[in-house]
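Here's the structure we're looking at; comments come further down.
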Amino acid sequence: MIDQPALFGGPPEFSEELPVTRPTLPPAAEVLTDAASLLETGMLTNGRQVAQFEEECAAYLGVGHVVAVSSCTTGLMLVLRCLGLAGEVLLPAFTFCATAHAVAWNGLAPAFVDSEPDTFNLSARTLLRQDLRRPAAILAVHVFGNPCPMDELEQVAAEWGVPLVVDAAHAFGARYPGGAMVGTRGAAEVFSLSPTKVLAVGEGGLVATSDGRLAERVRLARNYANTPDYDSLFPGLSGRMEEFNALLGRANLTRVEQYLAARERLVALYRTELGEVPGLRFQAVPPGSRSTYKDLGVYVKPERFGLTRDELALFLARENVSTRKYFHPPLHRLSAYAGRPTAPGELETAEDLARNMLCLPLFSHLSAEAVSRVAGCVKSAHRRADEVRRVLRLGSGGNLP
Ligand SMILES: *Cc1c(COP(=O)(O)O)cnc(C)c1O
C-alpha cells in the first residue's frame, strides 16, 4: 500500500508512466541478419519468410492451414467474404469495433448479442435468448484471450446450419479444455499480431482453418483474388503480410510459450494481491483451458469497492499507472452502429461490463515488482475511497459520473 497517494499530494508511485501494454520483441541481433538479406534481395513481399511463418504457426497450433494476412480485420473480412454470406451476423456487443467492421464491410448486418457476466464471452444461452431471425453466421470473440465455450456455440451453429467464425485476435496460444489450441475450431479462427497482442509483428493477422478449400480461397482473396491468368474471381483485397513482419513473427514465435507463462504468473500475482479486496472480480477462465491474458480486465463493483471504475482509473493515472476501459462504449453505442434496434435489457451484461471493467497494466516483460506496486495503489484507493471520492468530486466541480 502507498503512504500518501499522489491525488493527495504525495509523489506518484511510478516516476514515469507505466504503460498498460507494450509489445515484447526478440533481441535485434536475432533478426538483423534476415532483415539485411531482405533488403539485399529486395524480397519485401510474397517471399519465403511469410510461407515459413505460416508453416511454423500451423505446426504450433496443430491446424491444417494458416494464411498470413495484413491484419486480423482483413482476415475476418476475407473469411466472411469467402464464405459467401448474406444477411445478419451475430456477434457480441462487448468486443473491439473491428469485429463489427469486418461484418459491415461485407455488406452484412452486425446484430449484437449479450455476453456472460463471468467469462465475458458469448454462450449458447446468450445466443438463444435473442429473438432473432436465423442469422447468416455467428462471429464469436475470445475476449481477452479467454476461450469461448466452443462445444455449445458449435451446437447452436449446427442447429441453425450456419458457420461459426471466431475473432481470435486476443487468443494466439490459448487452449481449449482438453488441450486443443485455439485456431483449430469453427469454420476459421482469425488472430491479430498487432503490437498490443501477445505475439506482435507490427501489423499482421493469421487465418487458421482446417478447411482446405476455405484456406485456398482466402489465399487467393488476400491477393486481389487474382488468378495466374489475370482473371479475378471476386473482389479480393490487397491483404498480404509483409516479409519483414513475418521474420519478426518467426523470432517471436519461438518465445510465445515463455510470454504466456510469464503472463500467467503475473495474473496469478495480481489475483493473490487483490483477491481479498472487496468489490473486485476477475474474468472466469473455464477449467482446463488456458487464456493468453491479452488484457487483465478487472470488474469494479462500486458499491463494494467504494469507487467507480472511472474514479479508480483517475486515482491510478495520478500514480502514473495507465489503464484502459475495454470495451467502452459497447458496440451498439458507437456512432457507427447506433440506432440498431435492441430490446430493453437485451444487452444488459455488455452494458454493465463496459461500464465497470478496467484493464490494469499487463505485458510479457512486466516485472512482478511492478504488479505488486500497482496492486498496492489499487488497495490504497479502496482503503481511502471516501477521501478519494471527495477530492475527485471537488476537482471536477462535482461533475464526475
Ligand atoms: C485488435 C483487435 C482486432 C483487430 O486486429 P488488427 O490486427 O489490428 O486488425 C479485432 N478484434 C479484436 C477483438 C481486437 O482486439
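The values are calculated or read from the model by the stated rules, or taken from the named source; none is laboratory data. None of the values given here were measured: they were computed from a predicted structure. Cβ: placed from backbone, ideal geometry, glycine included. Neighbour counts: every protein chain shown. Ligands, DNA and RNA are stripped out before the accessible areas are found, and what is left, the full protein with its side chains, is counted by its heavy atoms. Shrake-Rupley method; radii C 1.70, N 1.55, O 1.52, S 1.80 Å.
Filtering the range 36-60 to residues that are modelled with pLDDT of 95 or more and open to solvent by less than 20 Å² (accessible area, probe 1.4 Å) leaves Gln49, Val50, Phe53, Glu54, Cys57, Ala58.
Residues of the range 1-35 that are surrounded by 14 or more Cβ atoms within 10 Å (Cβ to Cβ) and acidic (Asp, Glu): Glu13, Glu30, Asp34. Within the option set Ala100, Ala51, Ala68, being touching a residue at least 60 places away in the same chain (Cβ under 8 Å), small (Gly, Ala, Ser) and over 29 Å from His328 (Cα atoms) holds for one residue only, Ala68.
Looking across the range 334-370, the residues that are touching a Pro at 6+ places or on another chain (Cβ under 8 Å) and under 23 Å from Leu7 (Cα atoms) come down to Asn356, Pro361, Ala370.
In the range 174-183, the residue that is nearest to the ligand (Cβ to nearest atom) out of those that are open to solvent by 30 Å² or more (accessible area, probe 1.4 Å) and in contact with a Ser or Thr (Cβ under 7 Å, 6 or more places away or on another chain) is Arg175. Note on the range 61-103: residues that are within 12 Å of the ligand (Cβ to nearest atom), part of a loop (DSSP other than H, G, I, E, B) and open to solvent by less than 10 Å² (accessible area, probe 1.4 Å) amount to 2. Between Ala171, Ala208, Ala188, the distinction of being at pLDDT 95 or above and in contact with a Pro (Cβ under 8 Å, 6 or more places away or on another chain) belongs to Ala171 only. The lone criterion from (1) open to solvent by less than 10 Å² (accessible area, probe 1.4 Å); (2) in a loop (DSSP other than H, G, I, E, B); (3) not charged (D, E, K, R) left unmet by Val285 is number (1).
Conditions tested, residue by residue: (1) within 15 Å of the ligand (Cβ to nearest atom); (2) in a loop (DSSP other than H, G, I, E, B); (3) open to solvent by less than 40 Å² (accessible area, probe 1.4 Å).
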| residue | (1), (2), (3) |
| --- | --- |
| Val190 | yes, no, yes |
| Ala200 | yes, yes, yes |
| Ala208 | yes, no, yes |
| Arg219 | no, no, no |
| Pro235 | no, yes, no |
| Phe244 | no, no, no |
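Taking the criterion of being over 16 Å from Leu80 (Cα atoms) and either open to solvent by less than 70 Å² (accessible area, probe 1.4 Å) or touching a residue at least 24 places away in the same chain (Cβ under 8 Å) (or both), the residues of the range 224-233 that qualify are Asn226, Thr227, Ser232. Every listed requirement among (1) over 23 Å from Val113 (Cα atoms); (2) within 16 Å of the ligand (Cβ to nearest atom); (3) surrounded by fewer than 22 Cβ atoms within 10 Å (Cβ to Cβ) is met by Ala317 save one, (2). Taking the conditions exactly as written (hydroxyl-bearing (Ser, Thr, Tyr), open to solvent by less than 50 Å² (accessible area, probe 1.4 Å), out of contact with any strand residue (DSSP E or B) (no Cβ under 8 Å at 6 or more places or on another chain) and within 16 Å of the ligand (Cβ to nearest atom)), does Thr196 satisfy them or not? Yes. Scan the range 144-172 for residues that are open to solvent by 10 Å² or more (accessible area, probe 1.4 Å) and assigned to a helix (DSSP H, G or I) and jot them down. Of everything in the range 144-172, those that are open to solvent by 10 Å² or more (accessible area, probe 1.4 Å) and assigned to a helix (DSSP H, G or I) turn out to be Asp151, Glu152, Glu154, Gln155, Ala158, Glu159, Trp160.
For Leu61, the conditions (1) out of contact with any Pro (no Cβ under 9 Å at 6 or more places or on another chain); (2) free of Cβ contacts under 8 Å to residues at least 12 places away in the same chain are fulfilled apart from (2).
Against the numbered list (1) over 13 Å from the mean Cα position of the chain (by Cα); (2) of a type in the set (Ser, Thr, Tyr); (3) within 16 Å of the ligand (Cβ to nearest atom), Thr126 comes up short only at (3). Within the range 135-143, one or more residues are in contact (Cβ under 8 Å) with a residue 40 or more places away in the chain and open to solvent by 10 Å² or more (accessible area, probe 1.4 Å).
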